[in-house]
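A.B. asks: I have a structure I would like to understand better, so I am pasting it below and will then ask my questions one at a time.
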Amino acid sequence: MSNHLSSSCYPRATLFHSLVRTKRSLKIIVSAFFVVTVAICKNNVFVTRGMVSINDPKIVLDSKQTRRLSENPTYLRRSLQLDPRTIEFKEPTISVQRQVTDLDLISKQPMEFLAFGTSNTWGQGLSDRSTQSYPNILSPDAKNLGIRASDARYPALCLQSMVEGYSNKTEIKDDIIYDVVLIEYDVTDLDLLLQRVRIRYPDAIIISVFLWVPLWIYVNDLDGERLHLKDWVVKHNLYGTPFDSILAELKKLPEENILYPNRELYQTRQSLMDTVGGHIMHLPFTTDSFSTLELVGKWFGPDMLHLSEEGHQEVARGIEKLVDSELKSRPPLDEKRLGTFGDGDECNNWFLDGDCRIQYNVSTGNLLPLDDTRQKFSVEFEQDGSLFIENKFNTTMILFLGHLAMGPSSTEYPLAMAHIVSKTISESKVILDQQVTHPYPVHVSKNTKIGLIEPGITEVRFYLIEKSKRLPLRIVSTSVVSKDFDSDMDIKMGMLDHV
């Protein structure tokens, strides 16, 4: 992949010693004087703070590793490569022993995790995404490429750009051979992403993380009104109350009044995963509506869309079980293979960090945060304007633009046309549809194919067809991709995220 433009548009207490034994008589004496809180809940031991020294010159923990060990016991198993089957904590008068259950990853080998997904994978609502999101519970060093307000199209188009990433606007080649690739997206454009991932990582365990959420549930209320669960909760003044209280009120309704999403969604997803030899980790369905709610409800936050901290832990356990089963059933590999990114891609997405590396007409366009939190950014056009996109490949490529859209019944973004200016190839003019189908008011990123662009810099002009809308045209990403993507790709949004 070629280099990007260098220009920037901005922006728990007990004192005790620890002894860890491995199954193969590997004895590592851990001498520690550290302050911790040990909480035992459902066979889990959580250590949230401490200082550790290890009497083994081959094992040295720096401050970052110490923090990870204290916050995430999985780190003990993975980074030190110790047998996790029995972990014993001792102090002079109290000993607590944990026997690892079948929901823990038993493998002793180090694993490389790569994750794609929506704001759930990204870690929306967590106090520390770097340790509490399910990819980072699985491995502190997991590469978490979740994007808020997204679907599978952008990573399908931009796999290389996302995986290789950038630091201080310098390209970083990523030749890591990932053992497990996690994909948390709806089925729209999922096949494209799965194909590119399998070509790049021929031997990886690919897992579709299927998070059907309480927000998808419909409730037929006693007055005959049919509502999404969240709207029913708001209607009955239950928003923000403990889920047990919500469930108690729901149980006053006949069970048939609780309507679940079509389970055929699972079948469609399974057929897609079969094409790449993949697996599905899904939240449970039961034949009893209320039992399902009891299982799932506590795993999500008050918005009934984003996983709670407990939910992330549950998802991680499910993935661990799948990975462990797969590792036990497959023959050992003599050597892991690394494939290609195909013809490559050149993408820039500044939605989450404001790191815009393209040129635009500053008299009409501005890079601005969407709100005071400065966690989302777009290049805004309140009038007609231009972007200048560089195709650094030596052949004609296809341009996709990411722009914000709204739903369900209306949009506050102006209808606009994007026009690729060219003297040598047929010019392309495309309407940017600014509306999506969704039961709640949302702002989401929508990727639209604009047309062919030649090598070099190409001007893309924007014409606002509607100029009376409250919000400006908001562009959040550009994707220069192979002509292999030159086909009609229906714009259908998957799990959409609130802004």
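A.B. asks: At 7 Å along the Cα-to-beta-carbon direction for both Ser329 and Ser422, put a label point, then send me their distance in nm to one decimal.
C.D. replies: Between Ser329 and Ser422, the label points sit 4.7 nm apart.
A.B. asks: Once ligands and nucleic acids are excluded and a 1.4 Å probe is used, how much of His279 is accessible, expressed in Å² to the nearest 10?
C.D. replies: My reading of the accessible area for His279 is about 50 Å².
A.B. asks: Heavy atoms only, probe 1.4 Å: what % of the accessible area of the stretch 148-245 goes to carbon and sulfur, would you let me know?
C.D. replies: Carbon-and-sulfur percentage of accessible area, whole number: 51.
A.B. asks: Hey, rough spin-label estimate for Leu295 and Phe388, points 7 angstrom out along Cα→Cβ, what's it come to in nanometres?
C.D. replies: Here the modelled spin labels are 5.7 nm apart.
A.B. asks: Once you place label points 7 Å from the Cα toward the Cβ at Gln267 and Ser409, how far apart are they in nm?
C.D. replies: For Gln267 paired with Ser409, the spin-label model returns 3.3 nm.
A.B. asks: Something else: What accessible area per residue comes out for the stretch 235-327, rounded to a whole number of Å², with a 1.4 Å probe?
C.D. replies: I get 47 Å² per residue for this part.
A.B. asks: Percent of alpha carbon pairs in the stretch 357-432 separated by more than 13 Å?
C.D. replies: 76
A.B. asks: How would Thr241, Thr275 line up by accessible area, probe 1.4 Å, largest first?
C.D. replies: Thr275, Thr241
A.B. asks: Going by accessible area, probe 1.4 Å, with all protein chains left in place, what is the ranking of Ser139, Ser271, Ser409, largest first?
C.D. replies: Reading off the accessible areas and sorting them downward yields Ser409, Ser271, Ser139.
A.B. asks: Which residues among the stretch 371-393 fall inside the zone where the amide N is under 14 Å from a point 7 Å beyond the Cα of Glu459, along Cα→Cβ?
C.D. replies: Within reach of a label on Glu459, which here means backbone N under 14 Å from a point 7 Å along Cα→Cβ, the stretch 371-393 contributes 384-389.
A.B. asks: Further, regarding this structure: Keeping all protein chains in place and using 1.4 angstrom, which order do Glu310, Glu256 fall into by accessible surface area, from largest down?
C.D. replies: Ranking Glu310, Glu256 by accessible area, largest first, yields Glu256, Glu310.
A.B. asks: At a probe radius of 1.4 Å, what is the per-residue accessible area of Thr340, in Å² to the nearest 10?
C.D. replies: 80
A.B. asks: Just subtract the alpha-carbon distance of Asp484 and Glu164 from 0.36 nm times their residue separation and send over the number in nm, one decimal.
C.D. replies: That works out to 113.1 nm of additional length.
A.B. asks: Report Tyr260's accessible area, 1.4 Å probe, all protein chains in place, as a number in Å² to the nearest 10.
C.D. replies: For Tyr260, solvent-accessible area is about 50 Å².
The values are calculated or read from the model by the stated rules, or taken from the named source; none is laboratory data. Keep in mind that this is a model prediction, so the values were computed, not measured. When we count neighbours, we look across all protein chains shown, and the Cβ atoms used for this are built from the backbone with ideal geometry, even at glycine. Surface accessibility is based on the protein's heavy atoms, side chains included, excluding ligands, DNA and RNA. Shrake-Rupley method; radii C 1.70, N 1.55, O 1.52, S 1.80 Å.
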